[in-house]
Amino acid sequence: MLKLIVALVVISNFQFMALAPSPRQTYIPLPSSNSGRRHVDHEVVLKPVPIFIVTHESQLPATFLNPSPKNELVVGLDCEGVDLCRYGTLCIVQLAFPDAIYLVDAIRGGKKLINACKPALESMYVTKVIHDCKRDSEALYYQFDIKLHNVMDTQIAYYLIEEQLGKKRAPDDHISFVRLLADPRYCGISYVEKKEVRSLLREDPQFWTYRPLSELMVRAAADDVRFLPYIFHKMMEKLSEQSLWRLAVRGSLCSRCFCISDNGYADWPAIPSIPEFLNVERDTLEEEILSVLDVPARKMGCVIGRKGSSILSIKESCKAEILIGGSKGTPDKVFIIGPLKQVRKAEAILRGRML
């Protein structure tokens, strides 16, 4: 079913990937409250929007470049690059607005262009909707000295909603963006194009460095952000007040997770404190923290264990997220995020494995 309504496209069951937008145009799904008409749950209202390739800051919206409490924004965010981390190369920063997609070209625009985005990426007045922020934040921090702040991480939000429903998370379960998009509660689509890009990246890791951007590169970069604002609205409808606080805290902790700081993150924005308006017993809430544990030389194998058995057993015994920098960086550290007591428990077990 394809139906045009006041310049909006309405497609049943989210089957809009079959559309073939031009290289410089795509479609952004809108919540019904923003569309000017109500629609049933199995329909989605789509708005055609342009895709801009940005090589100079003047091509970006002024409200983004100059964040203000008078113009708070919600923006989809993603980054593409070569081996994206502290040592890799950030090539594109994608931004999804309600009226356009901006592909900020770090190759052609250079550090000056990315630095122009720094106030917004660090601003509390711009909510950055992103799926799994850790590596993108690491690249922005080490390559451009940007401390990503005020993120709404859809991977974190997904598991908070599952927890509200009484569902348990497997220790090594990290929902991918493809799986999230396939969930009918949020989009219910099959992102087949992602497989094509992943195949090309395996064949040529330099894929995102080539210029001019090909039609496939433009489409793939836009597809990675154009759904995020819609998912943001769908998730915010489901999150409780307590989950919203935990989402903000964990987003802050994950943003700085791989960004090693000698001063204890003193120059990063403060972690959100427990808000006064939370209608829960305050002694039931526990502070959540990030702990960075140094692993002595030749001891990481003891931490991980054969085929990951040791680290998995620790994850199963602690309600905390345990991450290892791995080949992309910080191979001698373990990162633990979660409630204070659970993090301390994980630390004690890990230190025992290092003896």
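Structure values in brief
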read-out: Length released on extending from residue 108 to residue 125, taking residue separation times 0.36 nm less the Cα-Cα span; value: 3.4 nm
read-out: Nearby lysines by direct alpha-carbon distance to residue 111 (threshold 19 angstrom, same-chain neighbours under 8 apart not counted); value: 147
read-out: Relative contact order (%) - criterion: Cα under 8 Å, at least six apart; region: segment 194-296; value: 25 percent
read-out: Simple spin-label estimate for residue 162 and residue 306 in nanometres, 7 Å along Cα-Cβ; value: 2.9 nm
read-out: Nearest-20 debye value, segment 280-354 charge dipole, Cβ charges on Lys, Arg, Asp, Glu; value: 540 debye
read-out: Whole-Hz couplings from phi, Karplus 6.51/-1.76/1.60, listed for segment 162-179; x for Gly and Pro; value: 4, 5, 4, 8, x, 8, 8, 9, 5, x, 9, 8, 10, 4, 7, 5, 4, 5
read-out: Normalised contact order of segment 280-354, rounded percent, pairs of Cα under 8 Å and 6 or more residues apart; value: 41 percent
read-out: Assigned charges on the beta-carbon of Lys, Arg, Asp, Glu; the chain dipole about Cα centre (debye); value: 580 debye
read-out: Contact order relative to length of the chain, as percent, for alpha carbon pairs under 8 angstrom and 6 or more apart; value: 15 percent
read-out: Solvent-accessible area per residue, Å², over the chain with all protein chains present [probe radius 1.4 Å]; value: 47 Å²
read-out: Charge dipole (segment 280-354, unit charges on Cβ, about Cα centre) - positive-most of 304, 323, 339; value: 304
read-out: Extension reserve of the residue 210-residue 66 stretch, reckoned as 0.36 nm per residue once the Cα distance is removed; value: 48.8 nm
read-out: Virtual spin-label span in nm between residue 201 and residue 319, 7 Å along Cα→Cβ; value: 3.3 nm
read-out: Within segment 244-266, backbone nitrogen closer than 15 Å to the virtual label 7 Å beyond the Cα of residue 347 toward Cβ; value: 264-265
read-out: Accessible-area composition of the chain, carbon plus sulfur, in percent [1.4 Å probe]; value: 52 percent
read-out: Total formal charge among the other residues, if their Cβ is under 11 angstrom from that of residue 49, Lys/Arg +1 and Asp/Glu -1; value: +2
read-out: Inter-part distance where segment 109-170 and segment 200-239 are each reduced to a Cα centre, Å; value: 15 Å
read-out: Among 288, 196, 57: highest mean-square fluctuation, GNM of the chain, C-alpha pairs under 10 Å; value: 196
read-out: Added length on full extension, which subtracts the Cα-Cα distance from 0.36 nm per residue, residue 287 to residue 59; value: 77.9 nm
read-out: Residue 56 accessible area, 1.4 Å probe, all protein chains in place, Å² to nearest 10; value: 90 Å²
read-out: Three-way shape call for segment 250-325 based on the alpha-carbon gyration tensor, with the a/c threshold at 1.5; value: oblate
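The values are calculated or read from the model by the stated rules, or taken from the named source; none is laboratory data. Bear in mind that the values here come from a model prediction, so they are computed numbers and not experimental data. Glycine also receives a Cβ, built like all others from the backbone with ideal geometry; neighbour counts cover every protein chain displayed. Heavy atoms of the whole protein, side chains included, go into the accessibility calculation; ligands, DNA and RNA do not. Shrake-Rupley method; radii C 1.70, N 1.55, O 1.52, S 1.80 Å.
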